[in-house]
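The values are calculated or read from the model by the stated rules, or taken from the named source; none is laboratory data. Only a predicted model underlies this, so the values are computations on that prediction, with no experimental measurement involved. Glycine gets a Cβ as well: all are built from the backbone with ideal geometry, and neighbour counts include every protein chain shown.
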Amino acid sequence: MPVFLHEVRRYSVSEILGALEAGLEALELDLGGARSAILKPNIVTGADPRTGIVTDPAVTESVVQLLRDRGVAEIVIADGPGVGLDVDWVFEKSGYRRLAERLGVRLVNFNTAERREREWKYGKLGVPAILEDSDLYVNIPKLKTHGYTTVTLSIKNHKGMLSEADKKRDHHLGLHDPLVQQAKLRPPDLIVLDGIVGVEGDGPLNGRPVRAGVLAIGTVMLELDAAAARLVGFDPREIRHLRIGASEGLGSLDPEIVGSAPSRAFAPANEQYGRVMNIYSWRDCTACSMCIDSFSAGVKLAIREPRYWFTLVPKLLYWGFIGKLHIIQGREARVPDAPGRVICLGECTRGLARKEGLLHLPGCPPTARDVAETLRREL
């Protein structure tokens, strides 16, 4: 199935809606006859949409309008934010609570949704009943780089339907192949990629926003992801989950392109570690991004709250500017061969911390408060 590309430079609902109409016409897609739809934007965390981390509400609003114009009466916006996060906070901070109230649509937390067990390669997997029961499923991903999967697009966004337990299991299973196997369960009827502003560098949560000016539309996740990856300078054949998906018949890595959009090479994430000053976060795909995000949240908490200004912040400044701090995470974490203090983050590293006598921050993931308190006492 072709992938439609269109240049859109700003988050204007009328502009985006025009691009959507053009895309449906070019791809000869008829959404008529559907009465219900579930829209799945990327709302992974409580980020301001201007950061590029979450799907901008203007894109989701445009899809709602597109569907209502075609007679779709029951529309739900749903996502399962990152493990351990306060979902009410995520929906509020990202602007989706206000959007849902203004448009009069339901906002659903996939993390706690009713599920039906489905067979897949790794046994049984719970798929949200509301997703299976909707006439239409629209996947609305964000265009971002990713430290584990190179890019996070529609296949990675599809993972947001899982329960928190299954999201954790994905990483324990190695992440790449599970993403492909999940893509076979209730694939979307329509994909609308928000690449108007994307994220490059240390994505998906700590990269830099970049104005890419692209809206992509398709119906096959692997093919849209391949087209989008190529547009920002990545070879789909070098992206592991896309390569696996193509080998299993999920689509072509060289899809037909209809329309056009500007190409711009995104800086990739460092495959070994993320870095802020002299604080290194070493990557392991068996660890989820929420683990290191909890560490970042703990540091931000310390900066905000006066109780930590003289007890923790000076220590962080020392390690950030003078010493070196290494954060390791995941079941396959290894102690880096580099000078500095090592911190084991999350439950996956408990055994390693005990064996090596290292500072351990427990939790799956740890809370921001626990991170700040443990660092205050023991760093």
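Below, the figures for the structure above:
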read-out: Odd one out for Cys344, checked against (1) touching a Leu at 6+ places or on another chain (Cβ under 9 Å); (2) at pLDDT below 95; (3) not polar (S, T, N, Q); value: (2)
read-out: Matching residues in the range 324-363 - criterion: being part of a helix (DSSP H, G or I) and farther than 22 Å from Met290 by Cβ; value: Arg354, Lys355, Glu356
read-out: Any hit, the range 124-140, residues being without any contact (Cβ under 8 Å) to a residue 60 or more places away in the chain and buried (at least 19 other Cβ atoms within 10 Å of the Cβ); value: yes
read-out: Odd one out for Val299 among (1) without any contact (Cβ under 8 Å) to a residue 24 or more places away in the chain; (2) more than 30 Å from Pro188 (Cα to Cα); value: (1)
read-out: Check on Gly251, out of contact with any strand residue (DSSP E or B) (no Cβ under 9 Å at 6 or more places or on another chain), in the same structural domain as Ala228 (by TED's automatic domain parsing) and assigned to a loop (DSSP other than H, G, I, E, B); value: yes
read-out: Matching residues in the range 239-286 - criterion: being of a type in the set (Lys, Arg) and modelled with pLDDT under 95; value: Arg264, Arg275, Arg283
read-out: Residue match in the range 174-181 (condition: within 12 Å of the chain's Cα centre (by Cα), more than 20 Å from Ala113 (Cβ to Cβ) and not charged (D, E, K, R)); value: no
read-out: Test result for Arg97, in contact with a Leu (Cβ under 9 Å, 6 or more places away or on another chain) and in contact (Cβ under 8 Å) with a residue 24 or more places away in the chain; value: no
read-out: Top-ranked residue of the range 337-379 - restricted to ones that are in contact (Cβ under 8 Å) with a residue 60 or more places away in the chain and closer than 16 Å to Cys285 by Cα, ranked as surrounded by the most Cβ atoms within 10 Å (Cβ to Cβ); value: Pro365
read-out: Residue satisfying all of: in the range 146-160; of a type in the set (Gly, Ala, Ser) and crowded, with 24+ Cβ neighbours inside 10 Å; modelled with the highest pLDDT among these; value: Ser154
read-out: Leading residue by the ranking (surrounded by the fewest Cβ atoms within 10 Å (Cβ to Cβ)) among those in the range 258-279 that are hydrophobic (A, V, I, L, M, F, W, C) and out of contact with any Pro (no Cβ under 7 Å at 6 or more places or on another chain); value: Ala265
read-out: Selected residue (only one of Ala287, Ala265, Ala302 is closer than 28 Å to Asp170 by Cα and of a type in the set (A, V, I, L, M)); value: Ala287
read-out: Residue in the range 362-377 that is in contact with a Ser or Thr (Cβ under 7 Å, 6 or more places away or on another chain) and more than 27 Å from Lys168 (Cα to Cα) present; value: yes
read-out: Residue match in the range 280-299 (condition: hydroxyl-bearing (Ser, Thr, Tyr) and surrounded by fewer than 16 Cβ atoms within 10 Å (Cβ to Cβ)); value: no
read-out: Test: Thr60 is among the polar types (S, T, N, Q), in a loop (DSSP other than H, G, I, E, B) and in contact (Cβ under 8 Å) with a residue 40 or more places away in the chain; value: no
read-out: Of residues in the range 37-50 being crowded, with 16+ Cβ neighbours inside 10 Å and outside any loop (DSSP other than H, G, I, E, B), the one nearest to the chain's Cα centre (by Cα); value: Pro41
read-out: Filter result (under 27 Å from Asp133 (Cβ atoms) and either of a type in the set (A, V, I, L, M, F, W, C) or outside the structural domain of Ala78 (by TED's automatic domain parsing) (or both)) within the range 39-59; value: Leu39, Ile43, Val44, Val54, Val59
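For every residue, the table says whether it meets (1) under 18 Å from the mean Cα position of the chain (by Cα); (2) more than 30 Å from Val313 (Cβ to Cβ); (3) not in a loop (DSSP other than H, G, I, E, B).
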site: Leu222; (1), (2), (3): yes, yes, yes
site: Asp225; (1), (2), (3): yes, yes, yes
site: Gly245; (1), (2), (3): no, yes, yes
site: Ala267; (1), (2), (3): yes, no, no
site: Asn270; (1), (2), (3): yes, no, no
site: Asp284; (1), (2), (3): yes, no, no
site: Ala297; (1), (2), (3): yes, no, yes
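Results for (1) in contact with an Asp or Glu (Cβ under 7 Å, 6 or more places away or on another chain); (2) of a type in the set (Gly, Ala, Ser); (3) modelled with pLDDT of 95 or more, shown as yes or no for each residue.
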site	(1), (2), (3)
Leu136	yes, no, yes
Asp166	no, no, no
Val180	yes, no, yes
Lys184	no, no, yes
Pro187	no, no, yes
Asp194	yes, no, yes
Gly207	yes, yes, no
Val210	yes, no, yes
